[in-house]
Every structure is written in C-alpha cells, then in structure tokens.
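The values are calculated or read from the model by the stated rules, or taken from the named source; none is laboratory data. Because the structure is predicted, anything quoted here is derived from the model rather than measured. Cβ atoms come from the backbone with ideal geometry, glycine included; neighbour counts cover every protein chain shown.
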Amino acid sequence: MAQKIYTPKVIADPIYGIFDIRPMLPMVETEEFQSLGEKKQLGLAHLVFPSATHTRKAHSLGAYNATRELANLWISLGLIDEKRALALSAYALYHDIGHPAFSHVTEELCPKDNDEMSLEIIRRLKKPIEETGADFSLVEKLASHKDSLYLAVHDKNLGMEKLDYLERDGMTTILSRPSGIDYLRKHIYFVGGEIMIDEKVVDNAIEVQNFYLKMYKNVYLRKASVIAQRMLQKTIYHSILEGEVKAEELQALTDGELIGIVRASNNKTAKTLYDHFKKRDLFREALTLRHKNFVDSYNTTGKNIAVVGLETEELEKLIQSPKLAVKNQVDLEKLEQKIAEIAGVPFEEVLAVPVFNAWRFKPQDVRIYSESGGHLSLKERFPAHFKNLEEIAKSYTAFRICTTEKNRERLSSKEISGKVLSYLYDFAK
C-alpha cells in the first residue's frame, strides 16, 4: 500500500508570500467564509484608489497566517500551548466572518455589529471548526472576548489583523507600509493576559501608530471616500425603508448582490443617489466644520465651500452627539430634511456626512515588557508622541454638509450656511 503523504495547500499572498492553508480547509471551504471573497476590505476606497479591491477573504487569510506564526513563537517561548495556539489561529481566520456587504459602510445599518454577527456564525460553524482539530469552546471564548488571548488578533495597536490590514491597505492605496513591521511581529508577547512588546521594538510600535493616522488622513477618512460611503449608506437605508432589503439580511449579502438590489430600487431617494453614485458623480462639500487651528490650511480656492473653525470642545461635542452618529439614520435624515428646507433644495440632494468610526483613531497605550516585572507604558515614556497623535487627528476631523454641484453655491452662501449652522448646533444638543 502506497504511503499517504501530507501535501500542502498553498496560496500566494502579496504580503507573506506562499503559505499553507490545508490545516484550515474545513473552515475555508464553508459558504460563509467564501462569501468574504466578494466583500471589499475597504468598502468604497476603490473609487479613489483603483487598486484597493482586496477582499475580507484575503485579509482574513493574511490575519490567519500572521497569527499562526505569532502563536508558534509564543509556543517556543512557553507563553501558550499548542491547543490554545490552534484555537487562536482558527479565531483569526474567522474574526471577520460576520462582516456585511461593503463592510463598515453598511455595518451601521445592521442590528448587530461585526463582532456579534461573527460570534453567531462561528457558533453555527462548530462542525468545520472542530474538523481542523481546534477546540471549539476555546474558539468561542476568543470570539466572545472572554479570553484575553483574543487580543493577539484584535488588539487595537498590535493585533495581527490590525497589522495585516494596515500593511495590506497601505500597499494598495498609498503604496507604503509601516517601517519595520516584520521585525515588530517577532517581538510581540502575551504576558499576564496582556499584549506587550519587547523594548527593542518601541520605535517600530510608534511607527505603526503614526502610520495608522497617516492611513486615516489619506485613505479611511479621505473626503471623497466618506462622501461616497454616506451616499451609498443613505441609498441602502431607503431601500430598507422601501422593504426591498432587510437590515438583518445585509450580513449574508455580497457587495454585488446588494448593488443589484439598490439598482432596482423604486424609492425616489435611493434612485436619485444611486444614479449619482454609479457615475461617480459624488456630492460636493458645501459647509465644513473642523478644528479652528486647521481652517487656514484647508484649500477651498475657487470652490463654493463655507468652512467654520471650532474649538476642541465644540468639535468633540459635535462628533459625540448621538443625533449625529453614523448609526442614527433617523436623526441624520431629520437634519438633512431641515437643511433642504432652509436652502430650498431637494431633500435627495442634501447629505450630512458625520465622522465615520471616530473612536478608532483615539490613540491607545502600548505596554512594554520588562524582565523585572515592572512593565512599562509607551504613553508614560513618550507623552509628546501621544499628544502629537491627538493633534494630527484634529487636523483631518470634519463634519460636512454636502450637495450636488448645482446647489453648492446656494448652500455655502453666507445667509444659508449661517441658518444651517444655527439649526445644526441646536439639533446636536
């Protein structure tokens, strides 16, 4: 009888090169995981960066490979055992499995967030998870964040999925990657239930935080991207109101399937917005509120844009107002209806664009491993670095009122913008 040998199932990845996914094939070959191949990682960023068409599937496979390598390192250091390492790798593969069509664009329209939806699907896919040899109870604890080992994947600064998407997104948009990220990955530890870094990679950790804000400024919160996101979000919301799609169905839909639904919408607002969207005729900003220190640097030459500078406290109140949250479609629509009434323009041609995922670019501390046991804090050691991160975030944080080009001059006029601002301040209280 011929000897049966293990044959790897390899994939080629632009970040990690060639790696083997055969151990995880039962999980990879599920319909739920394969659908991630039809969901773009960056939502609508490809409208600005044509190469940014990578998917949640590519990212999840990358996060799995990076986590598997980190887990092997931790086994060699005696930080975890093989059983926990396998469960951690399985969780990494499925950490994004609950993402809806267009990812964060529609997540705000879903009744549950990505973590909640991912946990539900993971529980449903117990059989293929166990077929990999992973302990399902451990995977479930990681997915529900009941075991702090999940931070190996999900830590805001150093999680393997975070480092993967930063590098992957950077390569396909601004053609850049965090300096020394490969070296950093090899010096991340799990000690006392916390993620820590070796003293020797402090500079690399700082570089990753700087790169994160660089990506927010140039990609994630780029003006055209957030306007496109809000346009599509409002389009889908009106398709939901029309009964053409249900909010709870968004997770199961791919990007193409959802576009097919909104394209055939009978809702007037959805049809108007989609007609603009499909031609990439994005709305233009007419009124922008941002931090007062960065108003002068905002280039509006030859454009009909009213720019208003706010104090830090005023801007924070605006960002944190529940009525102006991306999740709150009802109140955002009320605001848009009133602005349309004040300006005398069609409701379908007014768009309030709040700050997407404002909580994501709040800098968080990084723990530094010390053999003495008195572990150090990056924030305490480099307070000026964290202060600088906060200042950079202020420079590109903005709340926008947008409209079509034909209405831009009217909406940005001193008389109309003044009335809109007065109403906006009262509305946000």
> Of (1) of a type in the set (Lys, Arg); (2) on the phi > 0 side of the Ramachandran plot; (3) surrounded by 20 or more Cβ atoms within 10 Å (Cβ to Cβ), Arg280 satisfies all except one. Which?
Replying inline: (3)
>> Considering only the stretch 359-368, I want to know if a residue exists there that is on the phi > 0 side of the Ramachandran plot and not assigned by TED's automatic domain parsing to the domain that holds Val420.
In response: no
> Gln3 passes all but one of (1) over 27 Å from Glu248 (Cβ atoms); (2) assigned by TED's automatic domain parsing to the domain that holds Val191; (3) among the polar types (S, T, N, Q); which number fails?
Replying inline: (2)
> For the stretch 283-301, what are the residues that are in a loop (DSSP other than H, G, I, E, B) and touching a strand residue (DSSP E or B) at 6+ places or on another chain (Cβ under 8 Å)?
Replying inline: Phe283, Val295, Tyr298, Thr300
> Looking at the stretch 14-27, which of its residues are surrounded by fewer than 17 Cβ atoms within 10 Å (Cβ to Cβ) and part of a strand (DSSP E or B)?
Replying inline: Gly17, Ile18, Asp20
>> Quick check on my filter: what residues within the stretch 28-51 are part of a loop (DSSP other than H, G, I, E, B) and either within 14 Å of the chain's Cα centre (by Cα) or closer than 27 Å to Ile129 by Cα (or both)?
In response: Glu29, Thr30, Lys39, Gln41, Leu42, Gly43, Leu44
> Counting only residues that are outside any helix (DSSP H, G or I) and not basic (Lys, Arg), which one in the stretch 200-250 is surrounded by the fewest Cβ atoms within 10 Å (Cβ to Cβ)?
Replying inline: Gly243
> If the Cβ limit is 8 Å and pairs must be 6+ apart or interchain, which residue in the stretch 15-36 that is under 15 Å from Asp96 (Cβ atoms) pairs with which residue that is assigned to a helix (DSSP H, G or I) and of a type in the set (Ser, Thr, Tyr)?
Replying inline: Met24/Tyr64; Met24/Ser89; Met27/Tyr94; Phe33/Ser60; Phe33/Tyr94; Leu36/Ser60
>> Restricting to the stretch 43-90, and then to whatever is surrounded by fewer than 23 Cβ atoms within 10 Å (Cβ to Cβ) and β-branched (Val, Ile, Thr), can you tell me which residue is nearest to Thr254 (Cα to Cα)?
In response: Thr55
> Within the group Glu199, Glu249, Glu244, which residue is of a type in the set (Asp, Glu), over 22 Å from Tyr16 (Cα atoms) and touching a helix residue (DSSP H, G or I) at 6+ places or on another chain (Cβ under 7 Å)?
Replying inline: Glu244
> Looking at Asn304, is it closer than 17 Å to Ser417 by Cα and either within 25 Å of the chain's Cα centre (by Cα) or not in a strand (DSSP E or B) (or both)?
Replying inline: yes
